[in-house]
Structure formats: C-alpha cells, structure tokens
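Read through the structure below, which is laid out as structure tokens, and then see the notes.
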Amino acid sequence: MPDQTAKVAIITGAGSGIGLATAKMLHDAGMAIVGIGRDESKLETLSQELGGSDRLATLSVDVTADDGPSRIVQTALDRFGRIDFLINNAGLGSPTPLHDTDDETLDRFLDVMLRAPFRLCREAIGHMQPGSGIVNVTSTYAMIGGRRGGPYSAAKGGLKSLTEHMAVEYGPQGIRSNCVAPGVTMTEMVRHRFEDEAFKRVNVETTPYPRLAEAEDIASSIAFLCSPGGEMINGQSIVVDGGWTRTKYLSPRAMTSVWSDPE
C-alpha cells in the first residue's frame, strides 16, 4: 500500500529525457510519481529505473486527447488521493521557421505544448492545496528570439504567459506557478541535431559555460521549485542555459575564425 502522506507529482513526458530525470529526482526525495507518456515502452523504462516502486503510477495517454486531462488527474487521485505538483514537460522538437510552417505543424506544436498544458492545469488545479505548485517546462525561446523557432516559440511563449497568469490568479491560494526554461539540453530529442555543424556552432560557441546542459541539470531546477526552498518563488522563469540567453559570448575559436563573404 503506497504511503498516502507522500507528496504526489504528475509529470508529463516522464519516460525519457528531462521528464525521466525529474521523476527519478523527485522519487528519490520521497514523492509519489504519476508518470505520463504515450510510449508504453518508455514508461516501462521509468518503472525499471524506479525499481517497481509502490510510489509510482504510470499512464499511457496522448496529452492532447479530449479525455487526457481527466484521465491523468483521476489516475493520481485514485492511486494516491492527492496532487501536490504538476510538471508539464511533454514537448516536440525540430521546429520550422514561420514561412515553412504549415497549419498542421502549427496545430501540432500548439496542441502539445500550449493547449495540453492549459487543459491539464485547468483540470488539476481544483484538487491542489496550499503548498502545491505547477512547473511548466518552457525554453530559452520563450525568453528571446531565435531562428527556426516558429511554432515552438509561439507555444513556449504562450506557456510562459499562462504561467505568469496562474501565479497571480492562484498564488493567493498558496499554489505557485513557475517555468523552467532549458537551453539546448543533451536529450534524445536534441542529440541528433549536433550532426548539423551550424546548430552546434550557434549553441556551443555562444555558451560561456564550458558544457551544455544534461537532463539532470533541468530536473534539479524543477525539483528545487517543488521543495520547501522554492516556497517563495512564484511567477518566475528559471533559465538553465549556462548563460546563453544573457550574454554576448563568443568562444576563442569563434573569435579567431576567418570570416568569408557569402557568395
């Protein structure tokens, strides 16, 4: 029988990358985890990583489905009887610039990374008590402009604004809402992009810290916002990018590269 006093965190996209790292970190901190994902095999990986814990429930569901939010919330309530934290992490990669984005692609990005979190927050917040919190995983592209952002930037920017609204609306009830905005993070969704030399240069040569983020770096910030130490943080975006968005850094290699005129 699971511990009914353990705090409960719902995590979307929990089967890999940032979601998996966050689930492991919060579970290690004593929380019960409701891991959400579409891929049952990835959720099985989560279960294995947590050693078949009785503080884990998983649900394979498309977060954009009409009944997705109600099924997710009901799973948490049926299994653990409460909801303390909601981490909206599920996302898509490889966006296109505005002029190359068709309506189908636009709708897919907005559905997964704005409409789905909106609906899940709406479903969950009525079950959350003072001391609870919501963490929405956005992006550096919610903070600054970036090439090829297109529908991704639109969705993440909207999620940031939604989070700030919720901080005002529900903060007086003791429910905090914050964003964690990762820079380029070495997950399965991103790693293949480093085969593109231009992508590598834009991110590596302009980051003043000597490495890029790993999933655990992002999970650590999420876990902090779900801890007593994060109790007075509300309506904020914690950017985890090694200084990429806040500096005009160029690496020594970039500074000494020979420029050539475009043909």
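The values are calculated or read from the model by the stated rules, or taken from the named source; none is laboratory data. Here the structure is a predicted model, which means the values were calculated and not measured. All Cβ positions, even for glycine, are placed from backbone atoms using ideal geometry, and neighbour counts span all protein chains on display. Just the protein is used for accessible areas: all its heavy atoms, side chains included, with ligands, DNA and RNA removed. Shrake-Rupley method; radii C 1.70, N 1.55, O 1.52, S 1.80 Å.
Once both axes come from the Cα atoms, what is the angle between helix 215-225 and the longest principal axis of the chain, in degrees from 0 to 90, rounded to 10?
50 degrees
Treat each spin label as a single point 7 Å out from the Cα along the C-beta direction, and report the ARG71 to SER161 distance in nm.
Distance between the two pseudo-spin positions: 3.1 nm.
Where only protein heavy atoms count, and the probe is 1.4 Å, what is the accessible area per residue for the stretch 26-87 in Å²?
Solvent-accessible surface per residue comes out at 44 Å².
Say a paramagnetic label sat at a point 7 Å from the Cα of PHE199, along Cα to Cβ; which residues of the stretch 95-110 have their backbone N under 20 Å from it?
Within reach of a label on PHE199: 95-102, 105-106, 108-110.
What is the stretch 56-174's relative contact order, in percent, from Cα pairs under 8 angstrom and six or more apart in sequence?
For the stretch 56-174, the relative contact order is 32 percent.
Test of understanding: given the chain, find the longest segment containing no trypsin sites (Lys or Arg not before Pro) that are in a DSSP loop and have at most 13 other Cβ atoms within 10 Å.
With trypsin sites (Lys or Arg not before Pro) excluded where exposed in loops, the chain gives 1-146 as its longest stretch.
Assigning unit charges at the beta carbon (Lys, Arg +1; Asp, Glu -1) and nothing else, what dipole magnitude in debye, to the nearest 20, does the stretch 184-263 show about its Cα centre?
Using Cβ point charges on Lys, Arg, Asp and Glu, the stretch 184-263 gives about 240 debye.
Suppose R0 equals 25 Å; then what is the FRET efficiency for ALA254 and HIS99 from their Cβ-Cβ distance, rounded to the nearest 0.05? Spell out each step's value before the answer.
Working: r = 28 Å, r/R0 = 1.11.
So the FRET efficiency works out to roughly 0.35.
Calculate what fraction, in whole %, of the accessible area of the chain sits on carbon and sulfur atoms when a 1.4 Å probe is rolled over the protein chains.
Of all accessible area on the chain, carbon and sulfur atoms account for 51 percent.
Show that you can apply the helix-only estimate: for the chain, add -39,500 (n - 2.57) for every DSSP H stretch of four or more residues, divide by all residues, and state [θ] at 222 nm to the nearest 500.
Counting only the DSSP helices, I get -11000 deg cm²/dmol.
Mind jotting down the distance between the C-alpha centroids of the stretch 211-245 and the stretch 3-35, whole Å?
16 Å
Multiplying the sequence separation of SER47 and GLN129 by 0.36 nm and subtracting their Cα-Cα distance, what value in nm do you get?
Gain on stretching SER47 to GLN129: 26.8 nm.
For ARG246 and ARG108, what does the FRET efficiency come to when R0 = 25 Å and r is the distance between their Cβ atoms, rounded to the nearest 0.05?
0.25
Helix 68-80 versus the longest principal axis of the chain: what is the Cα-based angle in degrees, 0 to 90, to the nearest 10?
50 degrees
Could you work out the relative contact order of the chain, using alpha carbon pairs under 8 angstrom and six or more residues apart, expressed as a whole percent?
18 percent.
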